Amino acid sequence: MLTKNKLKLLEYYEKGLRLYREKKFEEALKEFEKCIEIQPEDGPSQLYLERCKQYIQSPPPADWDGVFVMKTK
């Protein structure tokens, strides 16, 4: 059984992921920040939070298919 906090985390994460795929990176970032507030060690939320920050600074091309391409190791 999921706790109330885990259900909220899942709700925020799903919304953030949807917004991310829609290229609404600033809105998605806010949802992933909410996830981190609930569970600071949540790896997937941390990952997407950083990707949102990168795409806010340097947006993907218009034909972006949602795939993240690493530029450095």
Flagged links, alpha-carbon separation over 19 Å, of 4/24; 24/53; 15/53; 30/53
4/24
So what's the back-of-envelope 222 nm ellipticity for the chain, counting only DSSP H runs of four-plus at -39500 (n - 2.57) apiece and dividing by all residues, rounded to 500?
-21500 deg cm²/dmol
Label residue 6 and residue 67 with points 7 Å out from Cα along Cα→Cβ: what is the distance between them in nm?
3.4
Backbone HN-Hα couplings from phi across region 60-69 [Karplus 6.51/-1.76/1.60, Hz, Gly and Pro as x]:
x, x, 4, 8, 4, 9, x, 7, 8, 10
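Give me 7, 49 sorted ascending by neighbouring Cβ count inside 10 Å, so fewest comes first.
Working: 7 11, 49 20.
Lowest to highest Cβ neighbour count: 7, 49.
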Using DSSP loop states and a limit of at most 16 other Cβ atoms within 10 Å to flag GluC sites (Glu not before Pro), what is the longest stretch of the chain containing no flagged site?
42-73
Once label points are set 7 Å from the Cα along Cα→Cβ at both residue 18 and residue 30, what is their separation, rounded to one decimal in nm?
1.5
Through the Karplus equation 6.51 cos²θ - 1.76 cosθ + 1.60, θ set to phi - 60°, convert the phi angles of region 41-52 into ³J(HN,Hα) values in whole Hz; use x for Gly and Pro.
8, 5, x, x, 5, 4, 4, 5, 4, 5, 5, 4
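Just so you know, all these numbers are worked out from the coordinates, no wet-lab data involved. Just so you know, these numbers come straight off a predicted model, no measurement behind them. Cβ atoms come from the backbone with ideal geometry, glycine included; neighbour counts cover every protein chain shown.
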